[in-house]
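Structure, as structure tokens:
The values are calculated or read from the model by the stated rules, or taken from the named source; none is laboratory data. As the structure is a prediction and not an experimental result, all values here were calculated from the model. Cβ: placed from backbone, ideal geometry, glycine included. Neighbour counts: every protein chain shown. For the accessible areas, the whole protein counts, side chains as well, though only heavy atoms, and no ligand, DNA or RNA atoms are used. Shrake-Rupley method; radii C 1.70, N 1.55, O 1.52, S 1.80 Å.
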Number of protein chains: 2
Amino acid sequence: MAILDNVTGGARSEAARATPDLSTLFRPRSVALVGATERSMWSVNAFENLRRYSPGIAVHCVSPSRATVHGVTAAASLSAVGEPVDLAYIMSPRDTVPDLLREAAANGIGGAVVLTAGFGETDDGRALQRELAAAVRETGIHLLGPNGSGYVDVRHQVVPFGLALPNLPDPGGASFVLQSGGLMKPLLSLARAWGVGVGMLAGTGNEATLSSTDVARYLVESEETGAIGLFLEAFRDAEGFRALAERALELDRPVVVLPVGRSEVARQAAMSHTGALAGDSAVTSAVLRELGVVEVSSMEEFVATTELLSRGVRPRGGRLGVVSASGGSCELVADKAADEGMTLPRLPPEALEELRSLLPAFSHVQNPLDVTGYATVNPRLPVDAAAVMGRTGAEHYDLLLFQAFVAPPEQPADPDFTRAHFAAIADTVKGLDVPVLLQDEVGVGLSDFARELFAELDLVRLPGVEVGLRAVANAMRYTGGRERLRGKERTGAAARPTSSAPLAEMPLPEGPLSEARALELLAGHGVPVMPYRLVSDAAGAVEAARLLGGRVVLKICSPDIAHKSDVGGVVLDVEGDDAVAEAYTGLMATVTARVPEARLDGVLVAPFRPGGVELIVGINRDPVWGPVLVLGFGGVLVEVLADVAIRPLPVSARDVTEMLGGLRGAALLRGVRGRAAGDVDAVVAAVLALTDAALGWGDGWDSVEVNPMRVDGTVVEALDALVVGRPA
Amino acid sequence: MAILDNVTGGARSEAARATPDLSTLFRPRSVALVGATERSMWSVNAFENLRRYSPGIAVHCVSPSRATVHGVTAAASLSAVGEPVDLAYIMSPRDTVPDLLREAAANGIGGAVVLTAGFGETDDGRALQRELAAAVRETGIHLLGPNGSGYVDVRHQVVPFGLALPNLPDPGGASFVLQSGGLMKPLLSLARAWGVGVGMLAGTGNEATLSSTDVARYLVESEETGAIGLFLEAFRDAEGFRALAERALELDRPVVVLPVGRSEVARQAAMSHTGALAGDSAVTSAVLRELGVVEVSSMEEFVATTELLSRGVRPRGGRLGVVSASGGSCELVADKAADEGMTLPRLPPEALEELRSLLPAFSHVQNPLDVTGYATVNPRLPVDAAAVMGRTGAEHYDLLLFQAFVAPPEQPADPDFTRAHFAAIADTVKGLDVPVLLQDEVGVGLSDFARELFAELDLVRLPGVEVGLRAVANAMRYTGGRERLRGKERTGAAARPTSSAPLAEMPLPEGPLSEARALELLAGHGVPVMPYRLVSDAAGAVEAARLLGGRVVLKICSPDIAHKSDVGGVVLDVEGDDAVAEAYTGLMATVTARVPEARLDGVLVAPFRPGGVELIVGINRDPVWGPVLVLGFGGVLVEVLADVAIRPLPVSARDVTEMLGGLRGAALLRGVRGRAAGDVDAVVAAVLALTDAALGWGDGWDSVEVNPMRVDGTVVEALDALVVGRPA
């Protein structure tokens, strides 16, 4: 797979491709708590968690000052433990940590968790974090942290974790990696309440060496992993993340990301928290989409979506069938489904017939199906109805939602009856060609009884309409996105030969080029550009206007003036020799008065063409993700619509067509109100010529923009361009 | 209060103003279960619920066939009970219900719940429901239902309810009225899990006589009510709802509405469910906003918002202070706050100083404040930090969110310590001028221990960031909306004297008027209209064009042609005698060929004025809410922006100004890209003249629309108009 190769203009490093083997960190048979002390709750908790949740793991305490800690004999140092240790869980004062890592490695320890804080997240700890990283490189030890609480491997019962855990969720295929340790406990409690089966939960802390991406890349290789959720404050390693995403897509083990730092305040909070900057959120969203990664925006959506995908739910489309015992809930589902771009198709005739004979006479047989309160009288009714919809609806529905159940309380009146009832549901569900999900009307937690029963019966349950349908929609988008991206891979649609672009004009001069220079460069790369002349006196302007014919526009041309209108550097709609000469003189006088220091290349004379639709086409260099194409409607509509499509480069013709079609003003190109339709193919060709030019220039530019690109029927042409060269 | 008087063109009826006294229905001392039988789970549940949750209420069973039901002696009929009965809970076969109501009334029973289904929700039950309504009118009994499960009055321990209830939420000030009985149990379980204090929960079923609005109007009068949540499938009684909203606003007991049926499928589901149609959702949203009613879109948001408002939380703005022990959660809050239009202002200098001395050296002192994992070492730290922010931030924050707690599990290790810890939080909170809310990082349920402790300490807790901040934003909008609406009331800003509008031209003829007639009518009411001439031959057209001067436009004028362009009925930009004459002839030929049956009034000649910004201004008659003003950008932008502002009539100048300012393209009127700014006051005056005209015509019209209304600097004029008269 090479969907996003070349994006940063170079081949990906081998390091980025290699998947770290972190088994020495994550699969220890023995753990040493270094700096163990009863005075620290972290130490108390870590000891208690290992004792309680890691029965197969030998736990040693290391304390330089006490012979007994947490009721066990403590060793004075790691070297003094006297038994093999696989993992060091380090809580010692920060200055001692680098040497402790060296000592650990010398004793054959392959993994370390450093809980101690005061490293890269503080001004005076940065040097120490660099020392830590150096010790890691020296020794080859795998380090999680520092400033992290550790991890909770529910599936393998490995819980080196410094916060109190009243209980754990069930083991399962949903793994999570969080850059925020503070959210690990809330996540566990939500997973437990919702009956989410969890594999690994790791907090990466300051990520001195191992990043959340590294951990995820380790996890994605495991067959036990169903899906991976990542809580990310920053993308520190775009290349590694791309490799993760590609591999995850290949293995169909979805990656779900909850990126924070969309708002200004959040970014400030993130900077103080981990010292890293999140990429611009719109660009990040666009990149994630193109990588087949699911983006979510709340903890609840994060957990529910990762769980659903980890259970192998892959709806091929958004056609839902619903069986409910509440008319109100049917309407809630219908509204929410519409919000999420899903539909509730009509029942096929054979289903109608069967359901009519099944349901009471006063019920309305339709999708969503309300089996009515009669389910209280006949508890089999909803199950039988679901069976009919599943049998008759395999071609009509991508997913059935089964709402007509009451999650059992902690102590059901008749546990055997309850078990048999849900076993019947599970049996019915398993025999159907359409996947069926249980869905509560509201996102409440399950009782232990319900959680255990559902796990035993392998029933998948969505926590309420709001979060549940969002998770379903995410699963649907994942499935569709994976197909689209893998289709690309097969057809090579994304693999445009960018090398065919002319590589002339390198290196670009630093800073903005004048408009004339920019247009000339782009024209040389096959971007259609309006006819124009660069002139340096009034007579030249008049001659140019005559050549071009009719109404013209005059624009000042200077590498120092980015916003020409603001300094009086544009005169529109001039016609006739005298008017043109006058316009030239006036324009030069105004500009030289307003910006006397600007270097002037002359005045650009071009035809005045008011009609058509104006696009803006920009290629920007995102600090994290590299070059991205930004497409939108230009002119007045830029301000009004504030609506652009973004994709990382390179893009295919199909990509650009999709981007144009997805704009809110897409109708403008199709020719509303009697206007001629714009030639979309010609627009696409012009945009691709522009992206080829930018990619051909390698890293030599900061920004390449055409605004506006005018589209009038089959005529597509750049009316203005900005190219900014990059410091070498 | 008369914010929305005259909206349907007449005075509100006395019936709509009167608040029903439903105490005979909702405050019984004795209940008779009519049609009680052990074979029905409804009967079993209703009996069990009353026994378990209504210790002060005498329960009687009525069965025509059995001497003993549910272990108690049953009476053969209501008349045979032999003791006073206040409420009849009727589960008998549907045909017997009207007579049972009469029998109940004859025995002095003032209230009835009818659980039996098969009435208005089915084709063959409609007549029976009418009979039921007739029996209610005859007897004066208050009837909840039919086809409803009853109600749960948690506060007064009155639970005539037919579904099994494993437990109840705590008593409190949040009351709920649901048109969907099937959502009552989910709501109770969510309220219990989240520690929401509930007063009354009622399901209104088919609403044969008592509507959810009636029940809400009863509840709103009680001092025990903090806020009322309404789940509505349909607004059946716009007048009553307005009265409810006005009274609620007056008493500051907020109304929160979860309206379903926004999507087409949901509307179909609603029709089958209750036989009623929801109003158009955009209009409904606009009306709710103008009534000071909070609209929500999910069950979770519904419950959390009603709870928050019921606890008296009234943030005067969106300035949040946050104390957290998780950097990740700080960022989540910041992102979500930005999404909801709230801010996290910087810490004032005095807070910075105090907090720096309080927190560990490695922490970053800012808002949102991450007190770091050090809270594990010093549990007082977050409380002290919150105290500093509360003391120093009264002028800077409208609300403090306190996240730095862990909700206690079912069995805390040290319950006394936990109690003391939260008591200290509660003490701190109570002494501050800024309201403080606890906020979990995720929306999990509380343990019984936590629920009881928080209730005892009167701590308000938000269920997670996503739902919690949405609820806070809703409370903020409610507070702001109430102030705005009550400000209007005081200044009389909404009370435009519509009677001053000329009432001439009544009644309007039925169906669409021709454009010339519509423009003439509107001009007569003070709406600025472009100059035009209606002509009936080519010579007339030429003369008109000369009079108007310059470039003109010719448009066919016919009451039968609504879309002139579609039949070739418009010629734009014509200049010169010959061209005008030719255009006239060509236009008439085309139109008579394409729509030979159309009545033609002639051709309208008007100046061709391509510049400026085009608005669309329409007044529509909503089937539920009456006349509403719809304002947006016209021309091409109608299609592209799909962005309109809607408000119910009448509107004030301030309303229209706000509507214009809220449009996505508002910048267009402020004059982007060197265009002259539009004269907003002139636009407002034109819009008000139009609304005055429509209101002056009473019920005589179906639709009044100007499209486009051209705005070019100070020039505002209707270029085209449509007025459709209504069948008398």
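Values for this structure:
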item	result
For the stretch B:6-133, alpha-carbon Rg over 2.2 N^0.38 Å	1.22
Environment charge of B:Pro166, counting only residues whose C-beta is closer than 10 Å and scoring Lys/Arg +1, Asp/Glu -1	+1
Net dipole in debye of chain B [+1 Lys, Arg Cβ; -1 Asp, Glu Cβ; about Cα centre; nearest 20]	760
For the axis carrying chain B to chain A: nearest C-beta residue of B, whole Å	B:Gly445, 2
Estimated D of the stretch A:14-310 in µm² per second, where Rh is the Kirkwood radius over Cα pairs and Stokes-Einstein applies at 4 °C, 1.567 mPa s	68
0 to 90° range, to nearest 10: angle between helix A:415-430 axis and chain A longest Cα axis	40
Net +/- balance of residues flanking A:Leu722 in space, Cβ distance below 9 Å, scoring K and R +1, D and E -1	-3
Check: the protein assembly as shown dipole with +1 on Lys, Arg Cβ and -1 on Asp, Glu Cβ, in debye	1200
Copy-to-copy label separations for B:Glu395, where each label sits 7 Å from Cα toward Cβ, in nm and ascending	7.3
Overall dimensions of the stretch A:531-607 by Cα: Rg and Dmax, Å	11.2, 33
Selection from A:Val651, A:Val293, B:Leu669 lying farthest towards where the dipole of the protein assembly as shown points positive, charges on Cβ	A:Val293
Helix-only CD estimate at 222 nm, as mean residue ellipticity for chain A, using -39500 (n - 2.57) per DSSP H run (n ≥ 4)	-11500 deg cm²/dmol
Signed unit charges on C-beta, dipole axis of chain A, positive-most listed residue A:Val444, A:Gly195, A:Gly261	A:Gly195
Cα point-scatterer Debye curve for chain A, base-10 log of I(q)/I(0) at q = 0.05, 0.06, 0.10 Å⁻¹	-0.35, -0.49, -1.04
Relative contact order computed over the stretch B:14-310 (Cα-Cα under 8 Å; 6+ residues apart), in percent	16
On Cα atoms only, tilt of B:465-491 relative to the major axis of chain B in degrees	60
At 7 Å out from Cα toward Cβ: B:Ala676 inter-copy label distances (nm, ascending)	3.3
Solvent-accessible ranking of A:His396, A:His60, largest area first, probe 1.4 Å	A:His396, A:His60
Counting DSSP beta bridges with both ends in chain B, the antiparallel % (nearest 5)	50
Three principal axis lengths of the stretch A:174-219 [C-alpha, angstrom, descending]	33, 21, 8
Interface size B-A, as summed buried accessible area [1.4 Å probe, Å², nearest 100]	6000
5 angstrom amide H check on B:His60, placed H, neighbours 5+ away	B:Val31, B:Ala32, B:Leu33
Helix A:538-548 vs. chain A, principal-axis angle (Cα, 0 to 90°, nearest 10)	70
Per residue accessible area of the protein assembly as shown, 1.4 Å probe, in Å²	37
Using a 7 Å Cα-to-Cβ projection, B:Glu250 label spacings across copies, nm, ascending	7.2
Residues in the stretch B:366-391 that, when all protein chains are in place, have 10 Å² or more less accessible area than the chain alone would give (probe 1.4 Å)	B:Gln366, B:Pro368, B:Asp370, B:Gly373, B:Thr376, B:Val377
Spacing of the two label points (7 Å from each Cα toward its C-beta) at A:Asp566 and A:Asp681, in nm	4.1
Chain lengthening between A:Ser536 and A:Thr19 when straightened (0.36 nm per residue, less Cα-Cα)	180.1 nm
Selection from B:Ser175, A:Ser310, A:Val69 lying farthest towards where the dipole of the protein assembly as shown points positive, charges on Cβ	A:Val69
Linear extension gain, B:Arg51 paired with B:Leu547, 0.36 nm per residue minus alpha-carbon span	169.7 nm
Long-range HN-HN contacts of A:Phe608 with modeled amide H, under 5 Å	A:Arg551, A:Val552, A:Val553
Rounded percent of accessible protein surface that carbon and sulfur make up, the stretch B:320-479, 1.4 Å probe	51
Computed over the protein assembly as shown, the ratio Rg/Rh where both radii use C-alpha atoms and Rh is Kirkwood	0.99
Radius 15 Å from Cβ of B:Ala583, net charge of other residues (Lys, Arg +1; Asp, Glu -1)	-2
